[in-house]
Every structure is written in structure tokens, then in C-alpha cells.
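*Asks:* The structure's right below; bear with me while I get my questions together.
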Amino acid sequence: MVAFAASPSIFSFSGGVNSSDVEYGCGGVCHQGQSAAIVEMWTPALQVAPGAVVQVTVNVTGAEASESFLGVMIVGGLVAADSHPSNFGWTIVLDPSGVTSYNYFQLASYSGQASLTWTLSAPSTEGASELYAREMHGGGAAYATDCISPLRFSVKQANADFGDPEPEPCVPSIDVECPCEGEPVNGQVMIQARINSTNQIAYTLMVVDGQVIDNKTSGPYTWTIDTTAFSDGQHVVRIIAVDADGDASVAEITLIVDNIDEGAAMKAWIATMVAGSLGIVAFAAVLILICVVLAARNNGGAL
């Protein structure tokens, strides 16, 4: 486990409204007051393989007593622009909401202590990479402070020479067995995953387009989704598994929702049935008319 304490000495100048993707500068100069809050960052290991899933926790304690809301962001550098983690190769899988994937998360209320965790995928290329955190809060005034001691990651393959590395965490393995990558789907479709882990699985999320559909705490890891609730086209399905030690993995597939053909076939069937029904009604009407005419003739021509 690795933790870095903050050394709050930089006057910050960013603002933020609701959880969103923002740069360090946030497009404004409102948070100029130096906050008394302490910001710390934590991650299970600083040695990660390219593309590995990483959890980063930001702990905030203390602040000005008159302020209530709290915003926390993680960035790749303390610069006014181009500081979003994606600019440094990181992909945010989930933010502290467990639903969206923003680098800035805002709490509506704050009582002096908060612990917020992001799940990210490490850069796909080897090398050194840093992540910083900053907190912002306001009300009557706007304050901020930064954790200027970043998490300094070494991104390398597991068999590379790290010198005296920290042990690699035994992360869960995920295999999405069905459907296949890029498979066209319609109607009800089953998502099935096989998850193996040396540690007990704490929970597993099934996420579609950044929205958590279900949270399972035990197997079997299968989900049935109604594709008619989604627009036709590409949709990203992620399966995220987190074990009892907090180590996480993510598997991702893209599905092609295509309910247009199914809907067209249904409409054609309905049209055929309607046309057939009208034909039967018309035929019955003709038979009735013939019967009436014959009856009239037998009665001397009176209808």
C-alpha cells in the first residue's frame, strides 16, 4: 500500500459545478483562497502493467468551518489546461459515484472528512506517469488546495526488471463468454462472464455506456438486458470485478444493437395479419350478400 501526504502550499484557481470532466484550470480563477484541508492520495501499488486496472483513493480532512460542499479532482499535472488524466494515457473507468466516469466529483455536503475512490486503466505504453489530486469547496468564499506529492507510477510489463519491486496484486481475471465482441443483438440478450480470483470477489458490476445496470456480490455472473431500452448502434458493456483486497479488473466488449429489422418484421407480420383479416371479412360479406339475394328470390323477389 502506498500513501502520500499533501503539502498544501499552492494557491489554486479552479472552480467546478457538479461532477464532470474538467481540466486543472476549470476555465476560471475563482478558487484562490488557500484551504486548510489536508489532501492525501492512496493506491495499492505504484508498479502496474500497461492497461492494468488501478484504484486511486483521495482522502480529504478538515476545511474552513463556514464551507459545506466539497469537490475533488484527479489530474495528470498541476497545469491550467490539458491536465485531464486521459491526456496522460489514463482511462477513468468509474468515478466515486460508481456510475459515471468523470475526473471531478462533487459532494453536495461535507462535514470534515471524505474518502473518494476512482477506478482507472493505466496507460497502454510503458514509462513513468503521475496522478495528482486537488480539492475545492465554497459557499461564502472559494477555497482549494492540492496534494502536490503525486502518485508516481511505473508502468511496465510484469516480467520487466523493476529492481526491487513491490509484489504485484493478484487481480481477478474476467472472461466475457457471450455475446462475442461486436456481435449484433436485439430483444433480450444474456451477458455471461467467467470470473476467477485467488481472493474472494467482493462485488461485480455490469455497466453499459457508463451506467451501472447491476451489482452482484456472488455468482453466477450472468445478466439479461433488454436491448430495446437502448438506441440502435454500438454500446460498450463493461464487467468490473473487485476482490476483498480492493484489487479490480475490467473486461469490455462492444455490442451492436439492431432492433430495426426485428421491428420491421413485426410491422410486416401485423400488416399481413390485418390484410388477411380484411380479406376474410370481405369474403364473408360477399357470402352473406349472396345468401340474402338467394333468399329474396325464393321469397318472390322481396328483400
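The values are calculated or read from the model by the stated rules, or taken from the named source; none is laboratory data. Just so we're clear, the structure is a prediction, and the values are computed from it rather than from any experiment. Using ideal geometry, Cβ is built from the backbone for each residue, glycine included, and neighbour counts are taken over all protein chains shown.
*Asks:* Give me a count of the residues in the stretch 79-103 that are under 14 Å from the mean Cα position of the chain (by Cα) and not β-branched (Val, Ile, Thr).
*Replies:* Matching residues across the stretch 79-103 total 8.
*Asks:* Right, here's the next one. Does the stretch 224-272 hold any residues that are surrounded by fewer than 17 Cβ atoms within 10 Å (Cβ to Cβ), at pLDDT 85 or above and aliphatic (A, V, I, L, M), and which are they?
*Replies:* Scanning the stretch 224-272 gives Ala229, Val236, Ile256.
*Asks:* Next up: Would you pick out the residues in the stretch 1-60 that are of a type in the set (Phe, Trp, Tyr) and at pLDDT 85 or above?
*Replies:* Hit for the stretch 1-60 is Trp42, nothing else.
*Asks:* Quick check, is Ser111 surrounded by 19 or more Cβ atoms within 10 Å (Cβ to Cβ) and assigned to a loop (DSSP other than H, G, I, E, B)?
*Replies:* Considered against the rule, which asks whether it is surrounded by 19 or more Cβ atoms within 10 Å (Cβ to Cβ) and assigned to a loop (DSSP other than H, G, I, E, B), Ser111 comes out as no.
Matching residues to (1) within 15 Å of the chain's Cα centre (by Cα); (2) aromatic (Phe, Trp, Tyr):
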| site | (1), (2) |
| --- | --- |
| Ile191 | no, no |
| Lys216 | no, no |
| Gly219 | no, no |
| Thr222 | no, no |
| Thr227 | no, no |
| Phe230 | no, yes |
| Arg238 | yes, no |
| Asp245 | no, no |
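*Asks:* Given the options Gly246, Gly219, Gly182, name the one that is outside the structural domain of Thr100 (by TED's automatic domain parsing), touching a Pro at 6+ places or on another chain (Cβ under 7 Å) and outside any strand (DSSP E or B).
*Replies:* Exactly one of Gly246, Gly219, Gly182 is outside the structural domain of Thr100 (by TED's automatic domain parsing), touching a Pro at 6+ places or on another chain (Cβ under 7 Å) and outside any strand (DSSP E or B), namely Gly246.
*Asks:* Still on this structure, I have one more. Conditions first: (1) part of a helix (DSSP H, G or I); (2) at pLDDT 85 or above. Leu287 passes all but one, so which condition is the exception?
*Replies:* All conditions pass for Leu287, except number (2).
*Asks:* Here's a check for you: in the stretch 174-205, which residue that is among the β-branched types (Val, Ile, Thr) and in contact with a Cys (Cβ under 8 Å, 6 or more places away or on another chain) is surrounded by the fewest Cβ atoms within 10 Å (Cβ to Cβ)?
*Replies:* Thr198
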